[in-house]
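Undergrad: So that we are looking at the same thing, I have put the structure below in structure tokens.
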Amino acid sequence: EAQQGVIDAICSGGVAMPAAWAVLLLEACVGSENRIRLARRCFFRLFDDGRQGDLMAALTPAERDKAMGSMSPSAKFYNVANPTGHYALDLSYESDRQVALRLW
């Protein structure tokens, strides 16, 4: 329960972070569901271009499948460092809502 509060605190707001920090957070995180939740939250806050793969590589294959399976296709290509482009967002996905908030 305390760990969920820490995850929420770290990932709330508009804080961007390097992938290396997100990986360190994942390594310290206990429990598969918490790790998946943290990875999904950090995915949209990485500012180093193209480093989302480093974050996903820190998960087990089962965790990675679950984390990526819950994201929409357009959200997987969002880049906080270069958000230009066109997005077809479906706000029924949490990942697309995160992208919309970042773009707004």
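Undergrad: Is the shape of the range 23-104 best called rounded, prolate or oblate, per the rule: a/c under 1.5 gives rounded, else a/b larger than b/c gives prolate, else oblate, with a ≥ b ≥ c the square roots of the Cα gyration tensor eigenvalues?
TA: prolate
Undergrad: Top to bottom by accessible area (1.4 Å), largest first, where do Lys66, Lys76 land?
TA: Heavy-atom accessible area, descending, gives Lys66, Lys76.
Undergrad: For Glu63, Glu33, Glu94, Glu27, what's the largest-to-smallest order of accessible area, 1.4 Å probe?
TA: Descending accessible area places them as Glu27, Glu33, Glu94, Glu63.
Undergrad: Here is a further query. Please give the solvent-accessible surface of Leu59 in Å², to the nearest 10, using a probe radius of 1.4 Å with every protein chain present.
TA: Using a 1.4 Å probe on the heavy atoms, I get roughly 10 Å².
Undergrad: Give me the accessible area of Ser32, 1.4 Å probe, in Å² rounded to the nearest 10.
TA: 60
Undergrad: Per residue, how much accessible area does the range 17-59 have with a 1.4 Å probe, in Å²?
TA: Result: 44 Å² per residue.
Undergrad: Moving to a separate point now. From the phi of every residue in the range 63-72, what ³J(HN,Hα) in whole Hz does the Karplus formula 6.51 cos²θ - 1.76 cosθ + 1.60 yield, where θ is phi - 60° and glycine or proline is x?
TA: Ordered by residue, 3J(HN,Hα) equals 5, 4, 4, 5, 5, 6, x, 8, 9, 6 Hz.
Undergrad: Please list the non-local residues whose amide H lies under 5 Å from the amide H of Met17, H modeled 1.01 Å from N, same-chain partners needing a gap of 5 or more.
TA: Amide H neighbours of Met17, under 5 Å, 5+ apart: Leu46, Phe47.
Undergrad: Once you list every other residue whose beta carbon is under 12 Å from the beta carbon of Trp21, what net charge do they have if Lys and Arg are +1 and Asp and Glu are -1?
TA: -1
The values are calculated or read from the model by the stated rules, or taken from the named source; none is laboratory data. Note that this is a predicted model, so its numbers are computed, not measured. We place every Cβ from the backbone using ideal geometry, glycine too, and count neighbours over all the protein chains shown. Heavy atoms of the whole protein, side chains included, go into the accessibility calculation; ligands, DNA and RNA do not. Shrake-Rupley method; radii C 1.70, N 1.55, O 1.52, S 1.80 Å.
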